[in-house]
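This report concerns only the one structure given below.
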Amino acid sequence: MAERYGGKPHRIRFCYFYTIYNLTRLKIPILFKSLKNCILTQNQHAVNMIIQARKSGILVLICIVFGSLNVSVLGQDSIRIYRFSQLQPRLEHRNDTTYLINFWASWCVPCLKELPAFEEVREKYSDRKFKMLMVSLDFPRDIETKLLPTIAKYNLKAEVVVLDDPDANAWIDKVDPAWSGAIPSTLIYNSKSRSFYEKGFTFEELDQIVKLKLHEK
């Protein structure tokens, strides 16, 4: 099993329902306190939103509970951390689905530049047999301070995992023999073909490649 960063799932679940309980009874001071405690260690960006909501009223707060907390508490509260041996099976599926695996990091400017394109493609083909996995090369210690805020900023809905395996020379060639190790890099494959790109993408470029993969017979 892959590790999970920022675990304590029972505590998070308790915090969430305690917050909803306070919301339904409109115990506003307790509500803000419980919400802030829930997400304090999960996403500083969401904490700042809570502070702003206190100034703006309960309507904004409700939006945060059912909107932003989808990322900070309910969606990306726990990031999986893989060794390459754990990630490798996800690079080798043999079925009728097309897979896109993007290697990136929150400190990589070209990676950040292409994130909106990836999210747009993910959304466009969400009803097709297409799956996207964003493999971050951030250090585990930076998940809370850098990776989670980046996920929130770009509103990423694709699955995000962290690859924490320092022996890069042992696994880079297993992703693709032509890969130098630079990012951003993207693997797109299905049971018919496998393509690797050591470059950044615009939406138009990525959309065209995914479209062709999905139509392969």
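We did not get these values from a lab; they are worked out from the coordinates using the rules stated. All of these numbers come straight from a predicted model, not from anything done at the bench. Backbone-built Cβ (ideal geometry, glycine too); neighbour counts: all protein chains shown.
Determine whether Tyr125 is aromatic (Phe, Trp, Tyr) and within 24 Å of Tyr82 (Cα to Cα). Spelling it out, it is not the case that Tyr125 is aromatic (Phe, Trp, Tyr) and within 24 Å of Tyr82 (Cα to Cα).
The set of residues in region 181-217 that are assigned to a loop (DSSP other than H, G, I, E, B) and either surrounded by 14 or more Cβ atoms within 10 Å (Cβ to Cβ) or in contact with a Phe, Trp or Tyr (Cβ under 7 Å, 6 or more places away or on another chain) (or both) comprises Gly181, Ile183, Pro184, Asn190, Glu198, Gly200, Phe201. The residue pairs whose first member lies in region 192-205 and is under 24 Å from Asn95 (Cβ atoms), whose second member is outside any helix (DSSP H, G or I) and among the hydrophobic types (A, V, I, L, M, F, W, C), and whose beta carbons are closer than 6 Å, counting only pairs six or more residues apart or on different chains, are Ser195/Ile188; Phe196/Leu187.
Got a sec? Which of Asn169, Asn155 is farther than 16 Å from Ala105 by Cβ and part of a helix (DSSP H, G or I)?
Of Asn169, Asn155, the one residue that is farther than 16 Å from Ala105 by Cβ and part of a helix (DSSP H, G or I) is Asn169.
Within region 112-131, being surrounded by 15 or more Cβ atoms within 10 Å (Cβ to Cβ) and either outside any helix (DSSP H, G or I) or free of Cβ contacts under 8 Å to residues at least 24 places away in the same chain (or both) holds for Tyr125, Phe130, Lys131.
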